[in-house]
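Accompanying notes for the structure given below.
The values are calculated or read from the model by the stated rules, or taken from the named source; none is laboratory data. For clarity, every value in this text was computed on a predicted model and none was experimentally measured. Cβ sites come from the backbone with ideal geometry, for glycine too, and all protein chains shown count toward neighbours. Just the protein is used for accessible areas: all its heavy atoms, side chains included, with ligands, DNA and RNA removed. Shrake-Rupley method; radii C 1.70, N 1.55, O 1.52, S 1.80 Å.
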Amino acid sequence: MVGGGNILNQDGAADPIITRMVDEDTVPWWKKKNLRWLYLMLFPTCMGIEMTSGFDSQIINAVQLIPPWQTYFGTPGGSLKGIISASYNLGAICALPFIPLINDRFGRRWCIMFGSLVMVLGAFLQGFSNGVGMYIVARLLLGFGIPFCIIAGSCMIGEIAYPKERPILTSLFNASWFIGSIIAAGIAFGTQKIQSDWAWRIPSLLQIAPSAIQIILVFFIPESPRFLVSKDKHEEALAILIKYHAEGDESSEFARAEYAQIKTTIELDLELSKRSWMDMLSTSGMRKRVLIATFLGLFTQWSGNTLISYYLNDLLTLIGYTDPNVKGKINVGNTCWSLVNGVTIALLVRRFRRRSMYLTCTFALLSVYIGWTISTERFLATGDSGVAKLVIFWIFAYSPAYNIGYNALTYTYMVELFPYATRARGIAIFQFFGRGAGFFTTFVNPIGLEAIKWKWLLTYVCWLAFEIVVVFFLFPETSGRTLEELAFLFEDKALAEQATMAVEKQIHGGEEVVEKDGETRVEVAAEPKRMV
C-alpha cells in the first residue's frame, strides 16, 4: 500500500503515504464512537473559541444601536469611536509575543485556559465600566486574551483531528464566529427595550459565557499528540492516536504509521529549528511562509469586513435607515445569513483546491465592493429608496464572497503552511498583521466614512484588486496532504525525501507497540512489518 510511489512530489511535499491510507478508510466519523466524542468536545473548547471573537465584534456593533450606550459614553464619534472598537485588536497585538512561550511549553490546553481566564476578567470589567477609560481597558483585556485561545485552538484542531476531517474542522473553527455574533446580536436586540444602562451592560457581561465554557471543558479533551511527541511523551501520544484515530485498536497499522510519520517529521523539524523568532527568517522557505502569513493577515481584515462588523450602524444611516429597530433586524438577519453560508462553505472545503477558493473569494469581493460603491454613490446623489435596497443586497452578498476564502480557509491554510516547530509563531505572525490591520481599519473607518462618505469604499476596491494579484502569484496549493507531508513544502527537496524515507523505514520495520511489565511501550520491532 505504501510503497511503489514517488518519494517526493513535484510540488515539494512529501509522498502522501498516510493520505492514501486515509482515503481507503470508508467508515464515516459519526460511526466511530471515540472520534465522535472527540469532535463533540472539540466544538465548545476549540471550534467554539471564535464564538467569543464573534460575540465581541457583534456586541461593539450592536450596542451602538442602543440609545443608553450612546448617552452613557457621550455619543462617541470619529477617533474616540475608533479607539473604543480598535482597542480589542490593540490588546491582541500586545499578547502575541508571549503566546508561543505558553503554547509550546505548557501545551495547547493550558494556553486556552489562560486566554479564557483573561477574557472573563475583561468581560466583567466591560459590563461594570464606570466610564470610557475603564471600557477601553476592559476591551484591551478581552483583546489580550483572545489570541492565546485562537492560536492554541487552531493548532489543537489541526493536530488532533483525523486527517480526513481536519480541513472541515479547521474551516468550521472560523465559522463559529457567526454563532457568537448571532447570539450577541439577538441579546442586544432584546435588551434595546430596557430604558437604562443595563441595556448594554447585560450583553457586555454575557460575553463571559463562551470563555467560561472553555474553562470548564478544556481538560475534557486530550492534549495534542504532536505536542506530546515534541516533549518526548511518545507512549501518551501514541495512546491518543490509537484511541481516537483507530478506535482503540492496539494493532492498528494506521495509528502506528501515523505515529511514525509524526515522530520522524517533528524530530527532523526540531533539529532544524532553534524554537525562536529568528527561525521565522532563517531560510528562504520560512521567509516565504512568513510573507504569505503577513499578507493573509492583512487580507482577512483589510477586505472591508470590519466596515460591516463594527460600523453597520453608520453604513445604514448613510443610506437613510435611522430606525434602531429596523437596523437591529437587518443586523440579526445578515448575521444569520453569514452563519448559514459560512458553515455550508466550510463543509465543502474538501471538494475544492485551496488556490481556487482563494481566487474565487478575491474576485467575488472585488465585484461586491464595486457594486456597493456605485450603489451608495447613486443613493447619495438621487435619494432613491430602491437604490438603498440595492446597497442592502450588496451588504448581504458580501459574506458568502468573504467566507469562500478568508473565513473557510484561514486557519486551515495556516496550520498546513507551517511545520510543527514554527506553527504557533507562524499563526502569531498572521495574528499580528491581522490584528494590526483590524486596529487600523476599525480606527479609520468611522473617520473615512464621516469625511468622504461613499468615496471611502473606493479604497477597498483598489486594495481588493491588489489581493487578487498576490494570491495568484504567491499562494501555494496545500490540499490533499497531511500536516507532516507538507512540513518541508518550501525547503530543500532532500529534507522532504529524507522525511519520507524515514517514515517508510519506520512503518515497515521501525517501531511497534509492546506490552511489558504491565505498561505500553514503543520499541524497535524485531521484524519488519508489511503494510497491507
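The separation of segment 56-71 from segment 89-134, counted between C-alpha centres, amounts to 22 Å.
For segment 305-428, the fraction of 1.4 Å probe accessible surface lying on carbon and sulfur atoms is 66 percent.
Are any of the pairs LYS389/LYS453; LYS164/LYS233; LYS193/LYS389 more than 21 Å apart by Cα-Cα distance, and if so, which? Don't jump to the answer; show the numbers that get you there.
Working: LYS389/LYS453 18 Å; LYS164/LYS233 25 Å; LYS193/LYS389 26 Å.
From the list (LYS389/LYS453; LYS164/LYS233; LYS193/LYS389), the Cα-Cα distance tops 21 Å for LYS164/LYS233; LYS193/LYS389.
Per-peptide packing, taken as the mean over residues of other Cβ atoms within 10 Å, places 311-321, 168-178, 343-353 in the sequence 168-178, 311-321, 343-353 from highest down. Measure nothing fancy, just the Cα-based angle from helix 33-42's long axis to the longest principal axis of the chain, in degrees from 0 to 90, nearest 10. It works out to around 40 degrees.
Ranking PHE299, SER224, ASN325 by how far each Cα lies toward the positive end of the dipole of segment 192-344 (charges on Cβ) leaves ASN325 at the top. Residue ranges 286-295, 38-47 sort as 38-47, 286-295 when ordered by packing (mean number of other C-beta atoms within 10 Å per residue, highest first).
Residues of the chain: accessible area per residue at 1.4 Å, in Å²? Write out the running numbers ahead of the final one.
Numbers: 20160 Å² over 532 residues.
Accessible surface, normalised per residue, equals 38 Å².
With the helix formula -39500 (n - 2.57) applied to DSSP H stretches of n ≥ 4, the chain reaches a computed 222 nm mean residue ellipticity of -23000 deg cm²/dmol.
Note on segment 1-160: with charges restricted to the Cβ of Lys and Arg (+1) and Asp and Glu (-1), its dipole about the Cα centre is near 480 debye.
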